[in-house]
Structure formats: structure tokens, C-alpha cells
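Worksheet: one structure, shown below.
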Amino acid sequence: MATATREKFDNIIEIKNVTKVFDGITAVDNVNLAVRRGEFVTLLGPSGCGKTTLLRMIAGFELPTSGTILLEKQNVTTMPPHVRPINTVFQKYALFPHLNVFKNIAFGLKLKRIPTGEFDKKGNPILRKYTKDEIAEKVERVLKLVNLEAYGYRGITGLSGGQQQRVAIARAIVCEPKVLLLDEPLGALDLKMRKEMQLELAAMHKNIGITFIYVTHDQEEALTMSDKVVVMTDGAVQQYGTPKAIYDEPANAFVADFIGESNILSGVMKEDFLVEFCGAKFKCLDKGFGKDERVDLVVRPEDIEIDTKKGMLEGKVVSTVFKGTYYEMEILAGDYQFTVQNTVERLPDETVWLSIKPDGIHIMKKLKTVNEYVGEVLTENTVEFCGGEFEFVNTDGFERGDEVKVQIPFDKIELTDDEDDGVIGANVTQTLYKGSYYQVQVYTDDDNDFLVDTVDEWDIGDRVGIKINAENITVTKKEEESEKSEKIEPAENEAEEAEDGE
Ligand code: ATP
């Protein structure tokens, strides 16, 4: 009895402390993840966050720099791809154009050798090919699964994109892998076909019972199809959970921004269950933060109530758009512009009152509250960090060669259009609208990140310069033990939970 339950909820894949560094760039940063047998798990995150690299390490196309990958408890970290019971479907179908659908799917089966159950004199298992009938039976079975029963003898080139992708999936599942990896498989399809294929894929997953690990940067796709979603940024797992848990309780501002429409604000926890933002205090359901700890908080647009006479925050309607079943309004309250969704329309310039119930406010720990680096003093008033030489005000008598801690508040960094106007160059990798300003993340060429609070709008991929005034750079003695990172690794708990024999 226990075995069947165990089988079902067993972790089929466990990723332990896996890191991948390419030429000094950390693509995957100490990831821990446990995928249960039969689950549909989606790796979701912006371009460059490391999801494909993680998938390629699971497939065996890429070796981790450190860490281990277990498949059914067996260490497969260095095992070549073709001997792993894993198959991959890519965005580009890579089908053989000169073979028909049946032959494309049968291709892998023809090469496969299976044990006869007998052994040679040396005790090695004797292998045989699949018979023609066995191949036909298997191909027909998967053609049915991907809804292409009548297409076996069609040529590949006459098929639509969606049909070709279904052939690619059929080809990947016909050899009965234990895990199917899908790397943006719907990326090349138009929107309508994508939506249809999303539903089909989710249904296929249920019918086949194989574990799916899916990569996408499309949050709607992830929420629609998956049992669990892994949200990644900067090579690290930010949150791992069911789509509902990730939507309702985002672990931090990046997750909140990535998943659905949201108002993301900075606030201060006054005490347990009480948070202050926009100049008012609100009851919430969160506790365990330090007194006056600065936090990020998210309020979903549908969780804001509007009244014309009373409420917690006074605001003015800036714009309103009808979205089919509700109105989406932009409402300015203080210096924060809220996005609000309601079935009742309020017109531009109308004064309204906003209220938020305690369960509509989700408090999140700030990933970091200040930019902090290790630097080296070069002269009486210059310090080197992140590959640049910056002027600072040396009030503590630091001398050349001193190793120091350098801190710069988010709002004291200037980004310049022209990289040469800054001390160092960097690329914009994230931008997060926080109602009255943008929080922009930039990465320097030596892989250090800066968070910058600015009223200017930047685009992901922009090349910028970084400038900091001398008086905004705080230089202190370097601590012996650097502070621990606050990255969230809930997968560890998941793995433990599962091991507890759920
Ligand atoms: P996308 O959705 O754009 O494919 P991603 O989240 O899948 O992005 P990865 O392709 O895993 O991200 O890339 C993560 C980082 O690793 C990027 O900075 C990328 O440039 C880098 N990277 C990936 N593969 C290599 C490689 N073979 N050599 C050098 N750098 C690489």
C-alpha cells in the first residue's frame, strides 16, 4: 500500500546546490529543487535568468560547475544525455522533412535496443530491435495522444506549426522517457495556436502521466498549465510553489511583478499585523518582521475597494479603461499611482476613497535594502569596487590598500544614457514600477548588480553608465564574516516534506 503512494509522490528529480558559471558569468546560482513524479513543473523567469541552462543540465547537455542532480535517487550529474531516461522538445521542431509523420516518430524506436530477458555466456543481457508491429503499435498510440491519428502518412512540410510541434512531442514521448523536458515549445506559434496547444499539452500530460519540466518566460502560460511553478531571476530560485500560492503569496517584489497585475509599494512594518504606506497605517496578516523594518508589499488591483465618501486613502482617478468584465482605473493617492479593477466605473478627475482589507495586503521581505560591495581604497579619496574607481569622502582615515565595505542607497545612483559618462558601464536587466518611481536592476560587466531607484524609465537591455556622488558612498571597515544572503530556497523544505513520506 505504502509503495504505491510513495511511487506517486516520490521526488523523481532532485537538484542540489547546482551552480553553472560560463566565463565568469553565473547563469545558475546554487539552485535546490525537488520535482515529484508525474508533476508538471514550469521554470519561469525573464530572458537570461538561467532557466534554459538549468533544463540543459537536467538533460545532460551541460555539466554543472558544482552541485548534483539526482534522478530517482541516482546521481546522474555527469551521465551523458542519451543514456538518461529523459527526452527534450525544443522550440524548433527539428523534424526530418523528407520523412512522413509516422517515420519521424518511429525514427528513435528503430534505433532502440531492448532486453530480450535472456543473457549471453558472460551474463550480459541480450538485446533486440523492436518488431515492425511493435513500432506501429507504439506510433499509433502516441499519434492518438497528440490528436494526429489521421496524419501518420502525411508529409511534414504540409503541416501547420502546431501540428509539427505535436509530431515533435509524439517523437519525444514514443520512447517512454521518465521525464519530458520542454524548452519554450510553443514559442514559434501564433497566439491562437499557442492557447490551444497550452490546453492540449496540459491534457496530454494528464493522459501520459510522464513528469513534465517546461521552460517559458510567459507567466500566463506557466499559470495555466503547471502543477508547480519555479520563478527564477538572476540564476536563482525566487519562489517554488503552486500557481495559486505564487499569485496569492509572492515571496518578493520580483515574483509579484512577474506574476499578474500588481501594485508594488515600499512600506514600513510598524508592529506585527500593522504596516504603513502612502502615509497611512493598514492592518495586515503578517508578523515576525523587525520593528520599523522596511518591506515590499503587493496589493492586487482587484483587492482595492473604491468608495466616493469614505476609505483609508483619498485619491483621484487618472484614467479608466473597460476590460470586458471590469474597469481598470489608474488612481493617484498621494504620490502613488494605484491600478484598481472594479465592476463600477469612476471617471477621470473624480475624487474617490480607497480601502484595502488585511488579506489584500501581502508583505514581502526586501531582497536587499542597500547596495553593498567589497572595495579597496586606492588613494586618500578614491575607492575601487565593481571594476570602477569612485571618489568618496574619507572621514575615517582609510589608507591605500585597505579592504573596505562600500554601501550606496538605491536612490543615490545616477544612470547615464551614455556609458562613457559613468564610472562603469552596465546592462539593465530588470525594471519594476513602484507607483512613484522605478526600481531598476543593472548588471556590471564583472557580474555585480546594482539596484537603482529612479524616476526615469529604462528598458531591459539598455546599456548605461553608473555615476555616484562622493558624499553618497559610505565606506566602513570590512566585516570579517560577510552577511548571509537572503535568497529563498523553499525547495529544500519541499524535498524534506516529500522525504517525510507524505
Ligand atoms: P532565454 O529565455 O532568453 O533563453 P534563459 O532564462 O533561458 O533565457 P539562459 O539561456 O539559461 O537563460 O542563460 C543564462 C545566462 O547564461 C545568460 O546570461 C546567457 O548569456 C548565459 N549563457 C547561457 N549559455 C551560455 C554559453 N554556452 N556560454 C556562455 N554564456 C552562456
Completion exercise
Longest principal axis of the chain (C-alpha) makes with the long axis of helix 161-173 (C-alpha) an angle, in degrees to the nearest 10, of 70 degrees
Completion exercise
Carbon and sulfur atoms account, in whole percent of the 1.4 Å probe accessible area of segment 75-199, for 55 percent
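Rounded to the nearest 20 Debye, what is the dipole magnitude of the chain about its Cα centre when Lys and Arg each give +1 and Asp and Glu each give -1 at the C-beta? The partial results should precede the final answer.
Working: 59 positive and 89 negative charges, 797 e Å.
For the chain, the charge dipole is close to 3820 debye.
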Completion exercise
To the nearest Å², the heavy-atom accessible area per residue of segment 54-156 with 1.4 Å probe amounts to 62 Å²
Completion exercise
Whole-Å distance linking the alpha carbon centroid of segment 13-80 with that of segment 348-362 is 42 Å
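So which GluC sites (Glu not before Pro) in segment 250-334 pass both tests, a DSSP loop state and at most 12 other Cβ atoms within 10 Å of the Cβ? All intermediate terms of the calculation are to be shown ahead of the outcome.
On the way: sites: Glu261, Glu271, Glu276, Glu293, Glu302, Glu305, Glu314, Glu328, Glu330; in loops: Glu261.
Hits after loop and neighbour filter: Glu261.
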Completion exercise
If one compares the long axis through the Cα atoms of helix 101-111 with the longest principal axis of the Cα atoms of the chain, the angle in degrees, nearest 10, works out at 80 degrees
Fill in the blank from the handout: Residues whose built amide H sits under 5 Å from the amide H of Lys112, excluding neighbours closer than 5 in sequence, are none
Problem - Vicinal HN-Hα couplings computed from phi for segment 189-202 (Karplus, 6.51 cos²θ - 1.76 cosθ + 1.60; Hz; Gly/Pro x) - result: 8, 6, 4, 5, 5, 4, 4, 5, 5, 4, 5, 5, 5, 5
Practice task
Would you mind checking which residues have amide H under 5 Å from Glu293's amide H? H placed 1.01 Å from N; only 5 or more apart, or other chain.
Solution key: Met269
Problem - Whole-Hz couplings from phi, Karplus 6.51/-1.76/1.60, listed for segment 435-450; x for Gly and Pro - result: x, 10, 7, 9, 9, 10, 10, 10, 10, 7, 5, 9, 6, 9, 10, 10
Fill in the blank from the handout: Once amide hydrogens are built 1.01 Å from N within the peptide plane, the residues lying 5 or more places from Gln239 or on another chain with amide H under 5 Å from its amide H are Val231
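Can you work out the accessible area per residue across segment 220-303, with the rest of the protein chains kept in place, probe 1.4 Å, in square angstrom?
Values: 3150 Å² over 84 residues.
Normalised by residue count, the accessible surface of segment 220-303 is 37 Å².
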Handout entry: Eligible lysines near Lys195 by straight Cα distance, threshold 25 Å, same-chain separation 8 or greater
Key = Lys51, Lys92, Lys144, Lys206, Lys228, Lys244, Lys323
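Take the alpha carbon atoms of segment 314-430, find their radius of gyration, then divide it by 2.2 N^0.38 Å using N residues; give the quotient. Please report the intermediate quantities before stating the final value.
Numbers: Rg = 23.0 Å, N = 117, 2.2 N^0.38 = 13.4 Å.
For segment 314-430, the normalised Cα radius of gyration comes out at 1.71.
Once neighbouring chains are kept in place and the probe is 1.4 Å, which whole percent of the accessible area of segment 357-471 is contributed by carbon and sulfur? Provide the component values of the computation, followed by the final result.
Details: 2190 of 5600 Å².
Taking all protein chains in place, segment 357-471 shows 39 percent carbon and sulfur surface.
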Handout entry: Top positive-direction residue, dipole computed over segment 26-92 with Cβ charges, set Asn87, Leu54, Val41
Key = Asn87
Exercise for the section: With θ set to phi - 60°, apply the Karplus curve 6.51 cos²θ - 1.76 cosθ + 1.60 along segment 414-423 and write out the HN-Hα couplings as whole Hz, x wherever there is a Gly or Pro. Expected result: 9, 9, 10, 4, 8, 3, 5, 7, x, 7
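Calculate, in nm to one decimal, what Thr116 and Ser355 gain on full extension: separation in residues at 0.36 nm each, minus their alpha carbon distance. Mind dumping the intermediate values first?
Values: separation 239, 0.36 × 239 = 86.04 nm, distance 7.04 nm.
That works out to 79.0 nm of additional length.
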Practice task
Using a 1.4 angstrom probe on heavy atoms only, work out the carbon and sulfur share of the accessible area of segment 205-351 in %.
Solution key: 49 percent
Problem - Radius of gyration and maximum dimension Dmax of the chain, Cα, Å - result: 26.9, 91
Problem - Per residue accessible area in Å² of segment 322-468, where ligands, DNA and RNA are left out and the probe is 1.4 Å - result: 49 Å²
Handout entry: Gain on full stretching of the segment that runs from Ala280 to Glu249 - 0.36 nm per residue minus C-alpha separation
Key = 8.9 nm
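Can you tell me how much longer the chain between Phe107 and Thr157 gets when fully stretched, taken as 0.36 nm per residue apart minus their C-alpha distance, in nm with one decimal? Walk me through the numbers on the way to the answer.
Numbers: separation 50, 0.36 × 50 = 18.00 nm, distance 1.72 nm.
The span from Phe107 to Thr157 would gain 16.3 nm if fully extended.
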Completion exercise
FRET efficiency for Leu199 and Tyr326 from the Cβ-Cβ distance with R0 = 25 Å, rounded to 0.05, comes out at 0.55
Practice task
May I ask you to work out the translational diffusion coefficient for segment 330-397 at 20 °C, viscosity 1.002 mPa s, via Stokes-Einstein with Rh from the Kirkwood sum over Cα pairs, reported in whole µm²/s?
Solution key: 123 µm²/s
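The values are calculated or read from the model by the stated rules, or taken from the named source; none is laboratory data. Only a predicted model underlies this, so the values are computations on that prediction, with no experimental measurement involved. Backbone-built Cβ (ideal geometry, glycine too); neighbour counts: all protein chains shown. What goes into the accessible areas is simple: the full protein's heavy atoms, side chains included, and nothing from ligands, DNA or RNA. Shrake-Rupley method; radii C 1.70, N 1.55, O 1.52, S 1.80 Å.
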